[in-house]
Amino acid sequence: MEIVLSEKSYEIIVKRHALDSVGEWIASLWQNKKIAIISDDHVFPIYGDKIQQQLADYEVCHYVVPAGESSKSLTMANNLYDFLADQQFTRSDAIIALGGGVVGDLASFVASTYMRGIAFVQIPTSLLAQVDSSIGGKTAVNSSKAKNMIGTFAQPDGVLIDPETLNTLPELRVREGIAEIIKCGAISDISLWQDLEKLTGVQDLLAHSERIISKALHVKKMAVEADEFDNGVRLLLNFGHTIGHAIENTAGYGKVSHGEAVAIGMIKISQTAEKKQLSPKGITAAITRMNQKYQLPTDYQPWEAEKFYTAITHDKKARGNSLNIVVLKEIGKAYIQKIKLTEIQDFLIEGK
């Protein structure tokens, strides 16, 4: 699969045991570069040595951050800038992001800003990163005010996805990735939604992960190619995220996983959309059943509408006094509804 953009295109490889050929893949992309592997303390002990052994022809170093959302910060980014400078990295060198969404977002943000930008690739090891954050070119760290508030658009040189890495994940981490797959089916691909209905559960999905990941990626590919900088149809990928990000922010980053928050957000936004006749009856029930099938949450307590509203007003999706929310026309078709920022209070209160 290839992401084709006006200024840059790159390949996404989805293949079991792809990590066995990382050296060949990197050689096809880069020559004569120093490489920094950025990973976390859960992932690097599993895959770090294997990756480094395949890069014997390169000068390789690594930096391991603590696992978890708290590492996605300007403080950690600054630590990485210092590390790269100490290693005498120049604009001719490169970064490998090895890990889940936190590592991918952090490493790509650092790559896009160090010396005004150096090359990077993504090797996502979590399902959430494989189907969502590793492609599309969004990089970000969190601020105290909102998730992903500080970031850039920067495309990787390539993405390598090995579904075998999912076998080392706790099932909780697999389920949070499934939330983004459910989202992709809900907004754009009825056949993906039907696949999810036919599968018996989490383990069955893992057995068919290459096909399911590829279908979810195709949804994102189409959105990114049509709207690289997130001003139009790409906003459809934010279904469930407006309320989801607010839940993450108010709970404290890392307390509620991104996938869990999105799962709840899809239900809450749809509940009120049905009441306002922006979505047809039955949409919320369908999403709820799908969440329950894959053991994702359907509610969040305590439901603190005022705190959520404050978080949403700082969200990057807010434009002036208005907010673009994503609602479903039917399963497999979504649209963007512009509302006044104050109207989001209705969705938070009525969604309770």
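May I ask you to verify whether Ala119 is of a type in the set (A, V, I, L, M) and open to solvent by less than 80 Å² (accessible area, probe 1.4 Å)?
Criteria met by Ala119.
I'm trying to understand the selection: among the residues of the range 1-20, which are free of Cβ contacts under 8 Å to residues at least 24 places away in the same chain and either touching a Gly at 6+ places or on another chain (Cβ under 9 Å) or surrounded by 13 or more Cβ atoms within 10 Å (Cβ to Cβ) (or both)?
Selection gives Asp20 alone.
Evaluate the range 263-277: report whether one residue or more is crowded, with 21+ Cβ neighbours inside 10 Å and under 17 Å from Lys145 (Cα atoms).
Looking for residues that are crowded, with 21+ Cβ neighbours inside 10 Å and under 17 Å from Lys145 (Cα atoms), one finds none in the range 263-277, hence no.
Answer with yes or no whether Thr165 is farther than 17 Å from Lys215 by Cβ, of a type in the set (Ser, Thr, Tyr), open to solvent by less than 10 Å² (accessible area, probe 1.4 Å) and outside any strand (DSSP E or B).
Yes.
Is there a residue in the range 144-159 that is under 19 Å from Glu248 (Cα atoms) and under 13 Å from the mean Cα position of the chain (by Cα)?
Yes: the range 144-159 contains one or more residues that are under 19 Å from Glu248 (Cα atoms) and under 13 Å from the mean Cα position of the chain (by Cα).
Please identify the pairs in which a residue from the range 71-98 that is farther than 13 Å from Asp40 by Cα and among the polar types (S, T, N, Q) has its Cβ atom under 7 Å from the Cβ atom of a residue that is open to solvent by less than 30 Å² (accessible area, probe 1.4 Å) and not in a helix (DSSP H, G or I), counting only partners at least 6 apart or on another chain.
Ser73/Val141; Ser73/Asn142; Gln87/Ala36; Gln87/Cys61
From the list Glu225, Glu180, pick out the single residue that is open to solvent by 10 Å² or more (accessible area, probe 1.4 Å) and either part of a helix (DSSP H, G or I) or charged (D, E, K, R) (or both).
Glu225
The values are calculated or read from the model by the stated rules, or taken from the named source; none is laboratory data. Quick caveat: nothing in here was measured; it's all calculated off a predicted structure. Every residue, glycine as well, gets a Cβ built from its backbone with ideal geometry; the counts of neighbours run over all protein chains shown. Heavy atoms of the whole protein, side chains included, go into the accessibility calculation; ligands, DNA and RNA do not. Shrake-Rupley method; radii C 1.70, N 1.55, O 1.52, S 1.80 Å.
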